[in-house]
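First up is the structure itself, then whatever we jot down about it.
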Amino acid sequence: MTNPRETDVSLQSSRVLHARGCGILLHVTSLPGPHGCGDLGEHAHRFIDFLAAAEQSYWQLLPVGPTGYGNSPYSAQSAFAGNPLLIALAPLVAAGYLPEAELSSAPELATDRVDFAAVERFRCACLRRAYQAAKQEPELVQFRERERAWLEDYALFRALKTHHGDLEWTRWEPALRDREPHALERARAELTDEIGYRCFEQWQFARQWQALRAHARARSISLIGDLPIFLAHDSADVWQHRDLFQLEPSGMPRVVAGVPPDYFSTTGQRWGNPLYDWRKLHATHYAFWVARMQNELSRFDGVRLDHFIGFERYWEVPAQQSTAENGRWVQGPSDAIFEALHGALGSLPLIAEDLGEVTPEVKALRDRWGMPGIRILQFAFGTDPSAFDFLPHNYPRNAVVYTGTHDNDTTVGWFFAEQADSSTRSREQVEREQRAVLDYLGKDDSSEIHWALIRTCLASVANTAIIPLQDLLGLGSEARMNR
C-alpha cells in the first residue's frame, strides 16, 4: 500500500483547498528559537514534522515580507522581499560564512515575547558579518541577475533608507524621492556595498525558504500565505511605482485606505495605506499584481487574499482626515483583475478573506472565481449582523473555517472575556454569548471549551479547517497575536 504522505507534488498542489483537510495557523516569529525570534531554521522544519505526524494538511502563516515601523507583517517594506529577521543563523555557520563563536556570544533575549529591536540588532550584525564572507559567491551574483526586476530597486531603497537614518522616502532629497536617473546612478555608485548586503539578505532568505518548502512538500504539508491587498506607503514598491498609486507630486497620498464605522469602531479604521490607481493598473493588464502573485506562489501552495471586499469596492478616505468617518465607497477592479491573474498564471488556489461589510456583489465575485470564503466561529454567537452565516450548520463546503484568526482574541480569552476592559462587549452580552455557545454545543459547562469549538470546526461540512495554535494549546488572552 502506498504511503499517503508520499504523494506526488503535482497531486498535492491540485488538492489544495479542494480536498477536505485541516491545518494550523502559526506565524514563523512565534516558533521557538535560540535568537529571540522564530525563524526558517530547525524549529520550522520540526514544526512541519509535527504537522505531518498529526495528520494535518496545512500550515498557514502571516505575510513574510520585511516589516517596517511597528513590526506588523501587514505593513511590509516590499511586496516581493522576505523578512531578513526570519533568516536562521545556524546555516550561515554551516556554510562557513559566520564563525560559530558569533552565535555563542548572543545576548540574553526574551523567550516569551519578541523584542524586535534587540533581535534586529543581533541578527543583522551577524548577517552583515556573513555577507563579508559571502559577497563574491557566484550563486549570489546569479540570484541578483535572476531577481533583478524587483531586487535591485528594493536593495537600493533599503540602502537609501539606511543612508537617511531610516527616514520615509518622501523626506529624502527631491531628486532621490522622485527617482531622477542621475540621482539613482550616483546613489548606486556610492552605496554599492550596502546594496550588495541587502541582496545577500534576500538570497539567504530565498535559499532557506525553498528548503523549508521542499521539506513541507516531502511531508505533504501545504503552506498557505497571506497577501495584503494594500501596500505600506513607505515601501520600495510605492517608491518605484508611484504612477500606480494616487499620490501628490510630493509622493504623499491623496487618499488612503480604511473601513467605515462599524460594530467594532464608531470612527471606522483609517489604515493609511495609499490607494491604487486601478485605471492605470488595468491599462497594464495588472502586470504589477501578476508579478506579485507569481512571487507569492513561488513560496506558498495557497494564498489568503486579505480584505477581499476591497477588490469589489473599497473605502476611500481623504488623506487629511484623522479618522475614517468621512470616507466613501469606490468601485474596485472586480472581475478584471482576476481575469488578468488567471489568464497569466492559470487556476489559482486563493482564499477570499470576505469579512467586513460583505455585500451580495462581494459574494458573487468570490463565487464566480470559485474561491472559498472565511467563517469565524467566534462571530457566530453574538450580535454581529452576519452571525447567522458563521454558525456551522450554515457553512457551504467551499469555505475555510477558523475558531479565530490572528486578529481575534484566543478562543479561551474570547469565551471568558479575559480582556473585558478593552472589549466592545458588555458583561450582559458576554454572558448571552456564553449561554448561546454552550446551548449550541450541547454542553453543560465550559470545561475545555476550546476543544469543543475546535471539534465543531472539524465536524462542519467546510472543506478546510484552520486552527490557531494558541487554541490547540488552550491559551488565554496573554497569547493573543494582534492587540
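The values are calculated or read from the model by the stated rules, or taken from the named source; none is laboratory data. Just so it is clear, the structure is predicted and the values come from calculations on it, not from any experiment. Please note: Cβ atoms are built from the backbone with ideal geometry, for glycine as well, and neighbour counts cover all protein chains shown. Each accessible area value is taken on the protein alone, full model and side chains, heavy atoms only, with ligands, DNA and RNA left out. Shrake-Rupley method; radii C 1.70, N 1.55, O 1.52, S 1.80 Å.
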| query | If you check every pair at least six apart or on different chains, which have Cβ atoms under 8 Å apart with a residue in region 435-447 that is of a type outside the set (S, T, Y) first and a residue that is open to solvent by 80 Å² or more (accessible area, probe 1.4 Å) second? | reply | L438/D444
| said: Here is a check on your reading of the model: is Y402 crowded, with 22+ Cβ neighbours inside 10 Å, over 29 Å from E433 (Cα atoms), in contact (Cβ under 8 Å) with a residue 12 or more places away in the chain and of a type in the set (S, T, Y)? | reply: no
| Does P392 count as under 26 Å from L350 (Cβ atoms), modelled with pLDDT of 95 or more, in contact with a Phe, Trp or Tyr (Cβ under 9 Å, 6 or more places away or on another chain) and surrounded by fewer than 20 Cβ atoms within 10 Å (Cβ to Cβ)? | yes
| Qualifying residue in region 73-80 (condition: assigned to a loop (DSSP other than H, G, I, E, B), touching a Lys or Arg at 6+ places or on another chain (Cβ under 6 Å) and modelled with pLDDT of 95 or more) | yes
| message | For region 417-448: of the residues being touching a helix residue (DSSP H, G or I) at 6+ places or on another chain (Cβ under 8 Å) and hydrophobic (A, V, I, L, M, F, W, C), which is farthest from T267 (Cα to Cα)? | response | L441
| query | Are any residues in region 141-181 farther than 19 Å from G82 by Cβ, open to solvent by less than 50 Å² (accessible area, probe 1.4 Å), in contact (Cβ under 8 Å) with a residue 24 or more places away in the chain and of a type outside the set (D, E, K, R), and if so, which ones? | reply | L160, W169, T170
| query | on the phi < 0 side of the Ramachandran plot, surrounded by fewer than 16 Cβ atoms within 10 Å (Cβ to Cβ) and part of a loop (DSSP other than H, G, I, E, B) - does that describe any residue in region 234-249? | reply | yes
| message | Condition check: open to solvent by less than 10 Å² (accessible area, probe 1.4 Å), among the charged types (D, E, K, R), closer than 30 Å to E173 by Cα and assigned to a helix (DSSP H, G or I). Does R292 satisfy that? | response | yes
| remark: Of the residues in region 44-72, those that are crowded, with 20+ Cβ neighbours inside 10 Å and either of a type in the set (V, I, T) or assigned to a loop (DSSP other than H, G, I, E, B) (or both) come to I48, Q56, S57, L61, L62, P63, V64, G65, P66, T67
| touching a helix residue (DSSP H, G or I) at 6+ places or on another chain (Cβ under 9 Å), part of a loop (DSSP other than H, G, I, E, B) and hydrophobic (A, V, I, L, M, F, W, C): does that describe A110? | yes
